[in-house]
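These notes are about the structure you will find just below.
The values are calculated or read from the model by the stated rules, or taken from the named source; none is laboratory data. On a predicted model such as this, the values are computed, not experimentally measured, just so you know. Cβ: placed from backbone, ideal geometry, glycine included. Neighbour counts: every protein chain shown. When the accessible area is computed, the model is the full protein with side chains, heavy atoms only, and any ligands, DNA or RNA have been set aside. Shrake-Rupley method; radii C 1.70, N 1.55, O 1.52, S 1.80 Å.
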Amino acid sequence: MEVLIIISVGLLSFAAGAYIAYYWKIKIFSKRSEEIIKEAENEAEVIKKEKILQAKEKFLQLKTEYDKATNEKNSKLLAAENKAKQREASLNQRKEELQKKQKELETKKKELDTQQATLETESENVAKRNEELDKLQKQQIEKLEFIAGLTAADAKNQLVEMLKNDAKNEVSAYLNEILEEAKMAASKEAKRIVIQTIQRIGSEVAVENSVTVFPIDNDEIKGRIIGREGRNIRALEAATGVEIVVDDTPEAIVLSGFDPVRREIARLSLHQLVTDGRIHPARIEEIVNKTKKQIEDEIVEVGKRTAIDLGIHGLHPELIRIIGKMKYRSSYGQNLLQHSRETANLCAIMAAELGLNVKMAKRAGLLHDIGKVPDDEPELPHAILGMRLAEKYKEKPEICNAIGSHHDEAEMTTVLSPIVQVCDSISGARPGARREIAEAYIKRLKDLEAVALSYPGVLKTFAIQAGRELRVIVGSEKVSDKQAETLAFNIAKKIQDEMTYPGQIKITVIRETRAISFAK
């Protein structure tokens, strides 16, 4: 029984403790819940205020942008309205001006109509006066015929006869003056005629002295030199200025051109191309340019070797180059370098016999014909040109005077001058030394090229086929296709008017455009 009571008391105590614990727990949780709710309400109030502030800021920003856009549109509309008003005012002003001009034109038209009517009236009056004058003139002529006893036709015939007699007298006097002048200039005219005759019969000798024969191993090489549709041979002729004649002659090609330097460049270039085997336009240009440089170096070397052989020192480098170029020039068929060396040695011997300066005499003899090989070839006697070149390159006055006076173009001022003149004549007058025909022929070809070079836009000229054809290369940027035809006609006309030549000369103007680029 006691045990039951104890158990019952224990259960009641446990139940009471559990109830009390539950009550306090609920009370504590309810208090915490209230605190959480208050905190949440406070946070919600803060967030609400922030959102309201953000909404107000956004509203103000949008309102500002709207106001700005509205103001811009209003400004544009106002500007457009002002522009339209200005245009309307301008149109109104132009309309008023046009109306004013129209009124002025109407006024002028009325004035012109009035003037035209006046002119018509005056023309009628003039016609009447002319009729009256014609009648008066006829009456006067009839009176004059009656007084003179001659008709107008008879008087006219007598006047014509008188004029004819006067004209015959004047013509006779004029012819007498011409004949007197012709007699005074007879010697000069005879020399000119002789020179022209020599030029006209010099074709065979000139051809022999203006060609070079290039030997080849077999005829197959001819086809390679000609190239497809002749492009290789055209490129070679354009680069060298020499005509390449490929005909039925076995194992030989003929190089035709009056300039020995060009023929030598063409010969050496062909030799290198045939040896190398690669023959095409680009390779041809490359080889020709290298050969030109090689010939230029050889010219300088020949000049130096000549000066050393003769014991002449201190020459200007340009004079040495001119001496070297003499190797490729001829004077009346005589090699110019050989002639100058002979003259130098003759001058040295004569100066030694007379007790003069041997070295100076030899120097003057070597340089006396340097005027025959200038680069620009101006229209001056070669003696005067040589004297100017010597003065330019600081040669002594005695030597300059000897060069300029060896053909009496300048006055001799030193004893050295007549020595050079005599030795020049001795060297050129020996039997077989010179042929005047070839020299005249070459001069004519040079003059032929110079005529074409005198026109603007012309880059190069080449006289080929013994002077029967002149090829003129022009700049594509300076001369158009139509201008090229006009240029060919003008050159032909000028040659006809200024030169004397046998047969006819064909003028070929070549114009081409090249585009070159390098891949690196």
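Restricting the search to the stretch 448-457, which residues are open to solvent by less than 20 Å² (accessible area, probe 1.4 Å) and either more than 20 Å from PRO260 (Cβ to Cβ) or among the acidic types (Asp, Glu) (or both)?
Our first condition is that a residue be open to solvent by less than 20 Å² (accessible area, probe 1.4 Å); within the stretch 448-457, this holds for 448-449, 451-452, 457.
The answer is GLU449, VAL451, ALA452, GLY457.
Select from the stretch 241-255 the residues that are open to solvent by 10 Å² or more (accessible area, probe 1.4 Å) and in contact with a Lys or Arg (Cβ under 8 Å, 6 or more places away or on another chain) and list them in ascending order.
VAL246 - this is the single residue of the stretch 241-255 that is open to solvent by 10 Å² or more (accessible area, probe 1.4 Å) and in contact with a Lys or Arg (Cβ under 8 Å, 6 or more places away or on another chain).
Taking into account only those residues within the stretch 302-332 that are hydroxyl-bearing (Ser, Thr, Tyr) and either open to solvent by less than 30 Å² (accessible area, probe 1.4 Å) or more than 36 Å from the chain's Cα centre (by Cα) (or both), which is nearest to LEU366 (Cα to Cα)? Reasoning before the result, please.
At the first step, the residues of the stretch 302-332 found to be hydroxyl-bearing (Ser, Thr, Tyr) are 306, 328, 330-332.
Pick out the ones that are also either open to solvent by less than 30 Å² (accessible area, probe 1.4 Å) or more than 36 Å from the chain's Cα centre (by Cα) (or both) and you get 306, 328, 331.
On the way: THR306: 9, TYR328: 16, SER331: 14 Å.
Selected residue: THR306.
Filter the stretch 332-365 for residues that are farther than 19 Å from HIS407 by Cβ and small (Gly, Ala, Ser) and give the result.
Within the stretch 332-365, ALA348, ALA351, ALA352, GLY355 meet the criteria.
Are any residues in the stretch 467-488 open to solvent by 30 Å² or more (accessible area, probe 1.4 Å), touching a strand residue (DSSP E or B) at 6+ places or on another chain (Cβ under 8 Å) and not in a loop (DSSP other than H, G, I, E, B), and if so, which ones?
ARG471, ILE473, ASP481, GLU485
Confirm whether ILE299 is within 25 Å of ASN357 (Cα to Cα), open to solvent by less than 60 Å² (accessible area, probe 1.4 Å), within 35 Å of the chain's Cα centre (by Cα) and not basic (Lys, Arg).
no
Okay, residues lined up against (1) at pLDDT 90 or above; (2) buried (at least 24 other Cβ atoms within 10 Å of the Cβ); (3) of a type in the set (S, T, N, Q):
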{"residue": "VAL358", "(1), (2), (3)": "no, no, no"}
{"residue": "ARG363", "(1), (2), (3)": "yes, yes, no"}
{"residue": "ILE370", "(1), (2), (3)": "no, yes, no"}
{"residue": "GLU377", "(1), (2), (3)": "no, no, no"}
{"residue": "THR414", "(1), (2), (3)": "no, no, yes"}
{"residue": "GLN421", "(1), (2), (3)": "no, no, yes"}
{"residue": "GLY432", "(1), (2), (3)": "no, no, no"}
